[in-house]
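Encoded as structure tokens, the structure appears first; notes follow it.
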Amino acid sequence: MRTRPLKVALLGCGVVGSEVTRIMTTHADDLAARIGAPVELAGIAVRRPDRVRAGVPAELITTDATALVKRGDIDVVVEVIGGIEPARTLITTAFEHGASVVSANKALLAEDGAALHAAAGQHGTDLYYEAAVAGAIPLIRPLRESLAGDKVNRVLGIVNGTTNFILDKMDSTGAGYQEALDEATALGYAEADPTADVEGFDAAAKAAILAGIAFHTRVRLDDVHREGMTEVTAADFASAKEMGCTIKLLAICERAADGRSVTARVHPAMIPLSHPLASVREAYNAVFVEAEAAGQLMFYGPGAGGAPTASAVLGDLVAVCRNKLAGTTGPGESAYARLTVSPMDDVVTRYHISLDVADKPGVLAQVATVFAEHGVSIDTVRQQGKDGEAALVVVTHRAPDAALSATVEALRRLDTVRGVASIMRVEGE
Ligand code: HSE
């Protein structure tokens, strides 16, 4: 074993960074044996030194992250700051100074992954980011390496624990969105400003990363259709239950039937209770991968939290250190397929539509005609009448999203349609 240590700079020492520090310290001997050389924490850059947690070596703390990555003797930079800047500049500077980078930064990778991969390649260094998607769950490496010989057709996942916790509470207790969100906040699952989670931004960044790797095609955050879950109601859950379904916020990356284009989207959807993703409870994540030869695979586990995310970071750290010692690099960006990333209009799926209509002769026929005129085939219709009004629930066969949107527009224009209470896609069948 080499005795000269590999030097690691840690950028950020919050929930994840302090766990990375703890594991690096307590498992130092095992890590050295697995890598073939000791790894040494050479510096820890933080914004607020007064907030550094107990157990983190005070002598390693600095507020000058730029100087740390420019030192010249750093082998690996671990970036757990998050956000676009200063993370992007620090990572680029690290590459320029010959360091490999392990990052947990989904927002940055979704926005600028291609440029970062190019910079890593240019300097003969690695960029690994297992922790950026679904915390501890090994997902990036299985897609990037284990399935590199297969053809992935679909990635369907719950990649945000906060929203899964909220939806699970709504499902199991009948609570409304706000009540479930309040509980998630009180328990520390939701942040004070939950926008990134509940509006689907966090999941959309993860979907962009997963789609890019799965389909060997550049997919950016802007390519991902995103809908949050703040409009999901207790009534939607009641409807879902009647269909033998529950509601999950799903990230869905799909290859089109013709194989030439792909789509990536995040939105709430009904899924049958028989689907493995339906039983993913609380703040857990799970990703279902469908590949041509492998068939259906499911990856499940904690998608957030200090220690689980640090586990993924440490796995990457071992891998890039091994590469350093071997004088090589791991797989970089694979975007050779250059498939078209199609808009949401082209997505084909099923829909559950709840309408409030007048309860009088001919209304059902009128509604059915609108669906037919737009080429959307109805699977089932349920109606419950009360005082001259009726709640109508239409479930369609598979149809393009554009056709469904046009149908809903036309329905809204009917005098007999008082309102469109909800539109929800039905997935996983
Ligand atoms: N906020 C995310 C979640 C974890 O709730 O899953 C980090 O991506």
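Brief remarks on what is shown
- Selected residue (criterion: nearest to the chain's Cα centre (by Cα)) from residues of segment 105-141 that are open to solvent by less than 20 Å² (accessible area, probe 1.4 Å) and more than 15 Å from the ligand (Cβ to nearest atom): 113
- Scanning segment 176-200 for residues that are open to solvent by 20 Å² or more (accessible area, probe 1.4 Å), more than 10 Å from the ligand (Cβ to nearest atom) and not in a loop (DSSP other than H, G, I, E, B) yields 177, 178, 179, 182, 183, 185, 186, 195.
- Criterion (at pLDDT below 95 and open to solvent by 50 Å² or more (accessible area, probe 1.4 Å)) met by exactly one of 326, 304, 372, 365: 304
- Residue 173 vs. criteria among the hydroxyl-bearing types (Ser, Thr, Tyr) and under 30 Å from residue 341 (Cβ atoms): no
- Long-range neighbours under 6 Å by Cβ, at least six apart or interchain, first residue over 12 Å from residue 190 (Cα atoms) within segment 155-167, second part of a helix (DSSP H, G or I) and of a type in the set (D, E, K, R): 159/206
- Criterion violated by residue 359 - all others in (1) in contact with an Asp or Glu (Cβ under 7 Å, 6 or more places away or on another chain); (2) modelled with pLDDT of 95 or more satisfied: (2)
- Every condition in (1) away from the ligand (no atom under 16 Å from the Cβ); (2) open to solvent by 10 Å² or more (accessible area, probe 1.4 Å); (3) not in a loop (DSSP other than H, G, I, E, B) holds for residue 148 except the one numbered (3).
- Residue tally, condition within 30 Å of residue 260 (Cβ to Cβ) and either among the β-branched types (Val, Ile, Thr) or more than 14 Å from the ligand (Cβ to nearest atom) (or both), over segment 152-175: 7
- Strands (runs of 3 or more DSSP E) contained entirely in segment 316-429, each with at least 2 residues that are under 30 Å from residue 216 (Cβ atoms): 348-358, 417-426
The values are calculated or read from the model by the stated rules, or taken from the named source; none is laboratory data. Bear in mind the structure is a predicted one, so any value in this text is a computation, not a measurement. All Cβ positions, even for glycine, are placed from backbone atoms using ideal geometry, and neighbour counts span all protein chains on display. Calculation scope for accessible area: heavy atoms of the full protein, side chains included, ligands and nucleic acids excluded. Shrake-Rupley method; radii C 1.70, N 1.55, O 1.52, S 1.80 Å.
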